[in-house]
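Below is one structure, written out as structure tokens, with a few remarks after it.
What follows is calculated from the coordinates using simple rules that are stated; it is not laboratory data. Just so it is clear, the structure is predicted and the values come from calculations on it, not from any experiment. As a convention, Cβ positions derive from the backbone with ideal geometry for all residues, glycine included, and neighbour counts pool all protein chains shown.
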Amino acid sequence: MPLLDQTVIERTPGTVTRLAAIESELLRPAGLVAGHSVDGWVVTGWLHEGAHLRLNVVRADQTLAVLAGPRDDNDGAFLRTPHWNISYRDGNYDASVAQLLVAIGLALDGPVIALGLDAAALKQRWFSRPDKGDVLEVSPGKKLYVRVTDHCDEYCLFCNATEGNANIVESKAAVAAILRGLPTGSLSQVIFSGGEPTLVKSLPEMVGLAYDRGARQIIIQTNGVAFAQPGALQAYLPYQDRLGIGFSLHATEAQLSAEMLDHQDLTRFPAKIVAIDESVRLGFKVKITCVVMRPNLAQVPQFAQWVWDRWGTGVHRLQFSYAMPRGNAWLNQHLLLRFSECVVPFGEAYAIGRRTGMRVETSQSCCVPPCVMPEFVDHYDIYGDFLGKTSDPERVKPAEVCGTCKWDRICAGVWQRYIDVYGTSELKAVQLPEPPTDIEDFAEPEVLDLSAC
Ligand code: SF4
């Protein structure tokens, strides 16, 4: 099984791993990756924003977002090079900004000329994302998310899938084809997700396919409501030794639970509880994920205690997730939390975990950065190796803080959007040694070329 170079599985020959290619083929040769200087400004990171590339730069107290897209004479731009439209935003104009834009334009022209591309070819190479149906992304930690539907019946106020989901595979035949081609044993987890996967009637058969292909761990991520139906869980009993069920549950009672949704359906909460009760009774490996926003922040410690009192060791792990600033959460910014607001309630919940023996944790990538709560790093579920990287292009590690941090490898980075709103004052480079971890990630290449199987 040949390995390629990024977090995308290519199912069709010719699809291009754009994000990796932009960094390796364009930005690095142009000297425009994080930490590099250009004309007195320091590059702090970049994002791929649709038809543009957004470079974030800083100088003293000034920040600026420089936008570069393939040259298009019908599109507005501050300046055009033979290959690029260059603009800026999020900063004030002065003569030095004009100078910077020219310098970046020229720097970006270099690799394009070296590769012999014109504007149309560079657009095709770096800015036409592959079709959703052409790729599967393998997430850090060698986790494969198979999103069997984009639909959901929960409508959470924090849902980030509304901003775009990778790996939507909506037919049983397509899932079967993927699983046939995958070396499932070399992945750590095959995760059936969505949308809400239990809305798909053939989900038990899909889980069975993954099981038969030797998937080491299979997870169903669900809001749990459908599993309250009598007999619904029985269909999964044959796969129980390698199957875990991850329930989303965000409060100890119906009213608060409904406040995390964009409707006030009080019947969903009791259904979830029935489903978790039954899953525990049947001996499934149960994980509960509680996404935290302003409405349920104060209840975090009480929630941890309540989970322990109700299910005890029947819950394999309880995870608190920081609601990442994308999708619905970004549309509901009044409910988003500052990292520092989470420290006390999360700390109290972790302390309950230490006292009871229940595993209380936070995910490595949906978390308050570890430098904000370094004394609780043992409560981070660390699975990906991010040395010198972030878990996705929406995040950054600002060089002025993270450049000297010893926990770079275990940190997924911070959302640029968070930094745009709140700045970096809560982050502090960690000088403690990296904690002991059991990271199982692709050491180097991260893409399986199925066309070559
Ligand atoms: S200082 Fe930066 S790299 Fe270190 S843990 Fe904080 S955000 Fe992550």
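Couple of notes before you dig in:
- Packing-based ranking of 288-300, 271-283 yields 288-300, 271-283, ordered from highest to lowest mean Cβ neighbour count within 10 Å.
- Remark: the Arg180-Gln240 segment gains 19.5 nm on full extension, using 0.36 nm per residue and subtracting the alpha carbon distance.
- Label point at Glu375 placed 7 Å out along Cα→Cβ; residues across region 302-341 whose backbone nitrogen lies under 16 Å: 340-341
- Summing charges over neighbours of Trp311, with a neighbour being any other residue whose Cβ is under 14 Å away from its Cβ, gives +4 when K and R count +1 and D and E count -1.
- Put simply, the Cα atoms of region 17-127 extend 37, 29, 23 Å along their principal axes, the longest span coming first.
- Percentage relative contact order, the chain, counting C-alpha pairs under 8 Å, at least six apart: 16 percent
- Distant-in-sequence amide H partners of Gly246 (H built 1.01 Å from N, under 5 Å): Ile220, Gln221, Thr222, Lys287
- Computing FRET efficiency as 1/(1 + (r/R0)^6) for Thr267 and Arg80, where r is the C-beta to C-beta distance and R0 is 51 Å, gives about 0.35.
- Label point distance in nm, Val102-Arg310, each placed 7 Å from Cα along Cα→Cβ: 6.5 nm
- Close Lys-Lys pairs in the chain, where close means Cα under 23 Å and separation is 8 or more or interchain: 27
- Here is the size of the chain from its Cα atoms: Rg then Dmax, 22.9, 70 Å.
- The phi-based Karplus calculation (6.51 cos²θ - 1.76 cosθ + 1.60; θ = phi - 60°) puts the 3J(HN,Hα) values of region 86-93 at 10, 9, 8, 7, 6, x, 9, 7 Hz, whole numbers, x for Gly and Pro.
- In order along region 226-236, the phi-based Karplus estimate (6.51 cos²θ - 1.76 cosθ + 1.60, θ = phi - 60°) of 3J(HN,Hα) comes to 5, 6, 7, 5, x, x, 4, 7, 4, 4, 9 Hz; Gly and Pro are listed as x.
- Theoretical gain in end-to-end length, His36 to Thr404 [0.36 nm per residue, Cα-Cα removed]: 131.0 nm
- Taking amide hydrogens as placed 1.01 Å from N in the peptide plane, the amide H of Thr149 sits under 5 Å from those of Val169, each at least 5 positions away in sequence or on another chain.
- Sorting the segments 306-312, 317-323, 356-362 by their mean number of nearby beta carbons within 10 angstrom, highest to lowest, gives 317-323, 356-362, 306-312.
- Amide H contacts of Gln229 (H built 1.01 Å from N, under 5 Å, at least 5 apart or other chain): none
- Overall form of region 276-357: oblate. Here a/c, set by the Cα gyration tensor axes a ≥ b ≥ c, is 1.5 or more, and a/b is not larger than b/c.
- Pairwise label distance in nanometres, Ser340 with Leu432, each label 7 Å out on the Cα-Cβ vector: 2.0 nm
- With θ taken as phi - 60° and the Karplus curve 6.51 cos²θ - 1.76 cosθ + 1.60 applied, the whole-hertz 3J(HN,Hα) list for region 295-305 is x, 9, 4, 5, 8, 3, x, 4, 4, 4, 5 Hz, x standing for glycine and proline.
- Computed E for Leu297/Arg89 - FRET, C-beta separation, R0 30 angstrom, nearest 0.05: 0.40
- Residue-averaged 222 nm ellipticity for the chain, from DSSP H runs of 4+ at -39500 (n - 2.57), nearest 500: -7500 deg cm²/dmol
- Taking a Cβ cut-off of under 14 Å around Gln264, the surrounding Lys, Arg, Asp and Glu residues balance to a net charge of -4, with basic ones at +1 and acidic ones at -1.
- Against the main long axis of the alpha-carbon atoms of the chain, helix 339-356 sits at an angle near 30°.
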